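Bear in mind these aren't lab numbers, they're just calculated from the coordinates by the rules spelled out. Predicted model, so just to flag it, every value in this text is computed and none were measured. Methodologically, a virtual Cβ is constructed for each residue, glycine included, from the backbone with ideal geometry; neighbour enumeration extends over all protein chains shown.
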Amino acid sequence: MKSDEALLFKVTTPLAFSASVNAKYWDMIVTIKHPAMKGRELDVQEALKHPDEIRRSKSDPNVYLFYRAERSGRWICAVVKRLNGDAFLVTTYPTDALKEGERIWTS
């Protein structure tokens, strides 16, 4: 992350690394990728800090999917990539299905 980009949040995950997102990238997520997540920064932070389950992506071993239940059959998914010791939010979205991938952590 460039020093001129304002950090929106950084949280420690149960996997003992911190994940962050800057304000500019968050705005891109909620404007272009997943508008349903607008105003849900705290929900995403909770999904990262206190997930119900964490899975490793089938296609990229450096990508982790953090799931936190919202209600029966609905989850928040926060997708994080670890690269060179840093971890950053790739995207986040509401979902009704957990993706395939190796389950590496459960609450």
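Things worth noting here:
- Packing-based exposure ordering (other Cβ within 10 Å, fewest first) of THR91, THR13, THR106: THR106, THR91, THR13
- Prolate/oblate/rounded label for region 7-96 (Cα gyration tensor, a/c 1.5): rounded
- Cut-off 19 Å, label 7 Å out along Cα→Cβ of THR31, residues of region 85-101 by amide N: 89-93
- If the segment from LYS24 to THR106 were pulled out straight at 0.36 nm per residue, it would be longer than the present Cα-Cα gap by 26.4 nm.
- Total formal charge among the other residues, if their Cβ is under 14 angstrom from that of HIS50, Lys/Arg +1 and Asp/Glu -1: -3
- The relative contact order of the chain, computed from alpha carbon pairs under 8 Å that lie at least 6 residues apart in sequence, is 25 percent.
- Antiparallel bridges, percent of DSSP beta bridges restricted to the chain (to nearest 5): 95
- Whole-Å distance, taken between Cα centres, linking region 61-98 and region 5-50: 10
- Charge context of ASN62, other residues only, Cβ under 12 angstrom, K/R +1, D/E -1: +1
- For SER18, the residues 5 or more places off, or on other chains, whose built amide H falls under 5 Å of its own are THR13.
- From least to most packed, judged by other beta carbons within 10 angstrom and beginning with the fewest, LYS99, LYS81 follow the order LYS99, LYS81.
- Here's the picture: a label point sits 7 Å out from the Cα of THR91 along the beta-carbon direction, and within region 57-80 the residues with their amide nitrogen under 13 Å of it are 77-80.
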